[in-house]
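Single-structure report; data block below.
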Amino acid sequence: AGCGKTKTIIARSQFLIENVSPPERLQILTFTRRSASEIIERVKSSLGEKAKGLKASTFHTWCMSLIRRAPDLFGCENCSVIDRDDQLTIFRLLRAASREAKNALLPKAADLCDLYSFARNTRQSLKATVEHRHPESLEIFKAIAEIVTSYEDHKESRNYLDYDDILDVVAKQISGEEVVKKWVSSKYDEILVDEFQDTNPIQWDILKPLSGSLRLFCVGDDAQSIYGFRGADFETIHSFRERVDGSTVLSLSTNYRSTQEILDISNWLLSESPLQYEKKLVAQR
């Protein structure tokens, strides 16, 4: 933190717009709408009208825009999107109808929703997810699985897409259908991803197939892992060089926020890690 990751995304965007690609051929992906707006505003404050058409959004918003532009390619004609509140309502009804409804070991509706979402975003089985996050409920796993299956049946019968479906549909079609991958790739010259260490496996499944036909520019911190509870996998950035053929990794080792005494402790921690961190942080202050 404090090594200029977001500023690097902004500087890269400015360079591309001025020298390589029109702004509408770039897509910036962030993890909050707020950071997306901030990046766009900072680029526009520097380039003015030249930046018109530059897009920054969350993974969900971007994937939904792809589905809306070509619903037939993603098999999503006549689908409706349901939000978290809708999901909870469905899970509450299904939980109440379960034969284990009065069992204290049966997770609450919000927990069932979170278990289901975590399993999908990490590409783990539901059982492995329950074992990891609610091990006390394993003895009634069959009832949990039945609720989840009923939830999926409920969505399918009504053409509902929840937020996880939006990512999953795009990931499956891009990786499994060449025509879809070519269509998405034809829209962009480069995809830029901020806070790349926060990506989860399903988000990487969206980006990986595209890496052969357009440029990926990903900025993140492979020594930062604070969103594992929602499925983020820092290994995606830590092993980026191995995962993406022909990729180049540049280290941002000058820090503009901390003093050297703090960075000395950080450098010591990195040197003690069983993972190999080939960087040494130096304070600018």
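The values are calculated or read from the model by the stated rules, or taken from the named source; none is laboratory data. Everything numeric here is computed off the predicted structure, so don't read it as measured data. All Cβ positions, even for glycine, are placed from backbone atoms using ideal geometry, and neighbour counts span all protein chains on display. For the accessible areas, the whole protein counts, side chains as well, though only heavy atoms, and no ligand, DNA or RNA atoms are used. Shrake-Rupley method; radii C 1.70, N 1.55, O 1.52, S 1.80 Å.
Counting only residues that are of a type in the set (Lys, Arg), modelled with pLDDT of 95 or more and more than 17 Å from the chain's Cα centre (by Cα), give me the helices (runs of 4 or more DSSP H) lying completely in segment 104-203 with at least 2 of them. Hits in segment 104-203: 141-158, 178-186. Can you find a residue that is in a loop (DSSP other than H, G, I, E, B), surrounded by 14 or more Cβ atoms within 10 Å (Cβ to Cβ) and among the aromatic types (Phe, Trp, Tyr) anywhere in segment 211-220? No: segment 211-220 contains no residue that is in a loop (DSSP other than H, G, I, E, B), surrounded by 14 or more Cβ atoms within 10 Å (Cβ to Cβ) and among the aromatic types (Phe, Trp, Tyr).
A quick yes/no check of all residues on (1) under 22 Å from Asn78 (Cβ atoms); (2) aliphatic (A, V, I, L, M); (3) open to solvent by less than 30 Å² (accessible area, probe 1.4 Å):
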site	(1), (2), (3)
Phe141	no, no, no
Lys155	yes, no, yes
Tyr163	yes, no, no
Lys172	yes, no, no
Lys181	no, no, no
Ser186	no, no, no
Asn200	no, no, yes
Lys208	no, no, no
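When residues in segment 96-121 are screened for being among the acidic types (Asp, Glu) and farther than 18 Å from Ile82 by Cα, 1 of them pass. Looking across segment 1-41 at every residue that is within 18 Å of the chain's Cα centre (by Cα) and polar (S, T, N, Q), the one that is nearest to Ser57 (Cα to Cα) is identified as Thr30.
The set of residues in segment 221-242 being more than 14 Å from the chain's Cα centre (by Cα) and open to solvent by less than 60 Å² (accessible area, probe 1.4 Å) consists of Asp221, Asp222, Ala223, Gln224, His238, Ser239, Phe240. If you go through segment 1-25 and pick out every residue that is in contact (Cβ under 8 Å) with a residue 60 or more places away in the chain, of a type outside the set (Ser, Thr, Tyr) and not in a loop (DSSP other than H, G, I, E, B), you end up with 5.
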